[in-house]
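The values are calculated or read from the model by the stated rules, or taken from the named source; none is laboratory data. This is a predicted model, so every value here is computed, not measured. Backbone-built Cβ (ideal geometry, glycine too); neighbour counts: all protein chains shown. To get the accessible areas, we keep the full protein, side chains included, count just its heavy atoms, and leave off ligands, DNA and RNA. Shrake-Rupley method; radii C 1.70, N 1.55, O 1.52, S 1.80 Å.
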Amino acid sequence: MASTSSTKLGDERPRAVGRPGPIRAPERPATQAADSAPTAPRQKAERSGEDRGETGAAFPIDVAIADKSPLILAGLEALLADDRRFNLVLKVTDGEEFLDAAKLQRFQIAIIGWQLPTLHAREVLRALSRQPSAPKIVVYSGTNDPAAPAETLQLGGAGFVSKRAPPERLLDVLASVAAGDMVFPFVDIRKMRADPLENLTLRERSLLSALGSGHTNNQLAKDFGVSINTIKFHLRNLFEKLEVRNRAQAIALFLEMKHGSWTAATSGGRAESAGASRSRKSSRD
């Protein structure tokens with residue numbers, strides 16, 4: 001019995017003892033770790049105070065107001081103050097003062113009236129169209145001019161809201177514009193062509209009027225005291241600005257505008273006469 005017991009003890013081998021590992025602190029639950037260490041975006045948002053709404057725009061948005069009515073200015077100021085998405089930074093009562101402020105780029109969106117003192121909204125929009133990184137413009141107006149929304153769109157505006165709409169409508173439009181959208185009531189794009197005379201010089205307007213009276217190139221050269229080649233040069237520029245191809249089309253457009261029948265329709269780069277439009281309509285009927 002004694003020999004059997006000694007054999008078993010002899011077969012046992014000593015166990016290897018490994019090096020002691022690093023001492024680790026007990027792990028905390030995942031929820032506790034997440035609560036104690038906010039992520040970088042969250043920290044940034046808390047520092048800057050910015051938020052992002054459903055539209056994806058970064059709020060608050062700096063907004064300016066330009067309107068001739070002190071009552072409207074006060075109402076818009078109160079409306080924006082109650083909405084944390086917007087931060088009112090400027091209030092002015094005329095278009096020229098607004099343009100001066102816009103050059104400083106202190107705001108991203110502006111609400112302007114249609115009939116502004118000193119400069120009309122049209123002139124404001126034209127000036128901003130030549131300014132790099134101009135603020136987005138939302139026209140807020142009670143005008144009865146049905147062409148105002150289309151003109152605003154054509155001149156580079158970002159939105160148009162009637163003063164007869166609920167105030168919440170203006171706030172929704174501002175949020176959408178801040179997110180990169182353009183918001184307008186129904187606009188008939190067939191009527192969006194600008195006034196053809198708008199970009200003509202005084203000399204070109206006089207030349208167009210003389211063309212409408214049936215003057216030849218020789219008569220025009222004599223009337224204006226220049227050479228025929230100079231007249232031809234001016235006529236080419238005139239036709240290009242009017243988007244017509246020749247003298248006949250320029251005269252037709254002039255007569256339409258003179259008699260108030262200009263339809264603002266174009267086809268193939270030329271102005272169509274009201275008579276031709278009516279005749280085609282009759283043939284289709």
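Each pair of Cα atoms in region 127-257 enters the Kirkwood radius, and Stokes-Einstein at 25 °C and 0.890 mPa s then converts it into a translational diffusion coefficient of 139 µm²/s. Ranking Lys163, Lys103 from most to least accessible surface, computed with a 1.4 Å probe over the protein chains only, gives Lys103, Lys163. In region 69-203, taking the dipole from charged Cβ atoms about the Cα centre, the farthest positive-side position among Ser162, Ala179, Leu88 is held by Ala179.
Model label sites at Val183 and Ser69, defined 7 Å from Cα along the beta-carbon direction, differ in position by 2.0 nm. Panel values: region 61-172, Kirkwood radius from alpha carbon pairs, Stokes-Einstein at 10 °C and 1.306 mPa s, translational diffusion coefficient 115 µm²/s.
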